[in-house]
1. All but one of (1) part of a helix (DSSP H, G or I); (2) modelled with pLDDT under 90 hold for Glu351; state the number of the condition that does not hold.
2. Residues in the range 244-256: is at least one over 22 Å from Ser295 (Cα atoms), over 22 Å from the mean Cα position of the chain (by Cα) and modelled with pLDDT of 85 or more?
3. Name the pairs: first residue in the range 333-345 and within 14 Å of Glu382 (Cα to Cα), second residue assigned to a helix (DSSP H, G or I) and hydroxyl-bearing (Ser, Thr, Tyr), Cβ to Cβ under 7 Å, at least 6 apart or on different chains?
4. Which condition from (1) at pLDDT below 90; (2) within 22 Å of Trp130 (Cα to Cα); (3) among the hydroxyl-bearing types (Ser, Thr, Tyr); (4) in contact with a helix residue (DSSP H, G or I) (Cβ under 9 Å, 6 or more places away or on another chain) is the one that Tyr5 breaks?
5. Out of everything in the range 71-104 that is modelled with pLDDT under 80 and touching a Lys or Arg at 6+ places or on another chain (Cβ under 9 Å), what residue ends up being surrounded by the fewest Cβ atoms within 10 Å (Cβ to Cβ)?
6. Just checking, which of Asn288, Asn269, Asn215, Asn259 is over 23 Å from Glu335 (Cβ atoms) and surrounded by 22 or more Cβ atoms within 10 Å (Cβ to Cβ)?
7. Which residues, counting only those in the range 20-30, are without any contact (Cβ under 8 Å) to a residue 60 or more places away in the chain, in a helix (DSSP H, G or I) and not aliphatic (A, V, I, L, M)?
8. Residue check: is Asn109 at pLDDT below 85 and either touching a Ser or Thr at 6+ places or on another chain (Cβ under 9 Å) or not assigned by TED's automatic domain parsing to the domain that holds Ser26 (or both)?
Amino acid sequence: MALIYFSSGSSFAQTYAQKISAHCESFLETECIVPEEEISQQEISDQLEACDVLVVVIGENPAVSGEDVSAYNLIDNDRLRSEIVLAMSRDILIVLILIDDAKLPERSNVPGAYKKLIDCKSHRLRSVFWSEDMELFLEHLQEELEFISEVKQKLTQSVEVNYQRLADFDGRRQRKGGQVDLESSNGMELRKVVEAETIFLQKARAVGDAAAEKNALSALGLAYTRLRQTLKAIQYFLEELKIARNLENFEEICILLANLGDAYAISGNISQANRFYEEQRDLAELKNLHAYVGSSYNGLGYVCVQQKKIEQAIEYYLKALASYRELEDHDKQLELLVGVGLNWRKLGEWEKTIECLSQALDVAKYLENRKEEAQIRLDLVEAYFELDKRDLIIHHLEKAEESLKVNREAWPASLIRRIETLRRGKSVPRTGNDPSSASG
């Protein structure tokens, strides 16, 4: 069972920490620690060391004028700082929660530990949208906990395999191929894997095995990507790319160009991201590597969105869509059709928005993805409202309710809230379907 430690920046935030921990214990079946306000440094260390996640809750109570919980007061919170430092030293995942209008100081105005906190994944829980925001937070936390569990199961084996690979290089037998599988990893500092691969990289270079060196560089690049240390990931991907070019492994080159495009995009260097996506596209088209053509156009579309070039982004996304249709990848088709439709919406092109979303709806039905089907129908409701097509507004609202009701799944709170908001905002009367009874 996962163990979560809750910290807070004030007594007001402490009450929210207790409330959030109750949700975690109920919905995620975790064990939570919400320490008392008076606790020794040793107790903090003992309790936190056994935990998988540190959740930091920051909240400001405007009704209590005597309590200084301003953003800058956090800098002087020695207990919170020590908890963050301990979590960092033990590679414990840190998640930040901001209650309502709470905020942190500017990154440039805080010491080292708080820079780490500001860089962490954050969630805002609003009192007026508590259920909806809590649902999103729990979904994210569940993904992270599943990953942590997976890493714990694989770490020992991974390290053993890595050092066996080192033994192979010592002449006991020749190793053939093989890479550390980090494809499912994200968000955890896999230091044992990084350390093993670093040693293996040194060994591979010492004996002059380019293929083994390339495998180690790949593992390190992927590991640092999961660690969100993007600049280090870029360094290793670039070194791997040089070897892949020498070996003329064009498929691997395409993968690396995509990895570099993604890494530069994450780091905010959009021009460099664009360069690598374009190179990936040119190579994939030249070598008829159809599986990577769609990926390159998808990346180029993302670059254009970041540059506010929406029409050009749509053009690239449509080319990616054509590629994924050729490959019969329906999940990617659904993702792109929804994305193109929503980008047409940004331009106020309601007919084109509806055309794309209608195609996405057909794909969602084919995949029997009821939740996505309902979301698309609600997007269509908003588009039809702009065209004043009331019959279609009513039709898709009711179909959205039916699709989840027929599937007998519990209604996500965000969907329920969105439907009710649309009904009230568009003044659409109910004709018999009640989402509150749709849990089956």
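1. Failed condition: (2).
2. Yes: one or more hits.
3. So the pair list comes out as Gly341/Thr353; Trp344/Thr353; Arg345/Thr353.
4. Every listed condition holds for Tyr5 apart from (1).
5. Asp91
6. Answer to the check: Asn215.
7. Ser21, Glu25, Ser26
8. no
The values are calculated or read from the model by the stated rules, or taken from the named source; none is laboratory data. Everything quoted here is computed from the prediction, not taken from an experiment. Reconstructed Cβ throughout: ideal geometry from the backbone, glycine too, with neighbour counts over all protein chains shown.
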